[in-house]
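Below is one structure, written out as structure tokens; comments come after it.
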Amino acid sequence: VLAPLLIGAIVRELAPGFAARMARPISVAAHLLLIAALIPVLIVAWPHLVAQIGNFALLAITVVVLIGLLVGHLLGGPDPGDRTALALSTASRHPGVAAGVAMAVMPDERAVVAAVLLAFLVGVIVTTFYGKWRKRATAARTA
């Protein structure tokens, strides 16, 4: 997790123009890799994932993500960029870490990993809507 961040920070410091040009293509490639890696996991976890939806887990996860966005947004200070960054950071969780902990604690319980996956998917969807709202608000403010 830290290696790409450190590499990006070093490249940005040494070659800011190159870093700015490469940010979009690297972001697109990273998202495509994430989706490609997620598809097999979704196929395997799908039955357990669907089972999580009926017991209010979906609602609880959505509420937790929304509360994270709200708290981060309210505590982000006056700068709109800081508000957005803090809101997204507060609402986000690292699914790999959560799944690793879940498998270490309960190695035979696939439903826990499915719940982590569901939380990740819900978080991505909810924060995507928030991000789009913030972009529109920023564009309206600058216009």
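No value in this document is a laboratory result; all are computed from the given coordinates. Quick caveat, the model's predicted, so the values are computed rather than measured. Reconstructed Cβ throughout: ideal geometry from the backbone, glycine too, with neighbour counts over all protein chains shown.
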Original post:
Cα gyration tensor of region 1-83, axes a ≥ b ≥ c as square roots of the eigenvalues: rounded (a/c below 1.5), prolate (a/b > b/c) or oblate?
Top reply: oblate
Original post:
With charges only on Cβ, +1 for K and R and -1 for D and E, what is the dipole size of region 6-143 about its Cα centre, in debye, rounded to 20?
Top reply: 600 debye
Subject >> Electrostatic dipole magnitude of region 72-143 [Cβ: Lys, Arg +1; Asp, Glu -1; Cα centre; debye, to 20] >> reply: 440 debye
Original post:
For percent of Cα pairs over 27 Å apart, which listed value, [x] 34; [y] 24; [z] 44, comes from the coordinates shown?
Top reply: [x]
**OP:** Could you tell me which of ALA91, VAL11, LEU49 has its Cα farthest along the dipole of the chain towards the positive end, charges placed at Cβ (Lys, Arg +1; Asp, Glu -1), taken about the Cα centre?
**Re:** VAL11
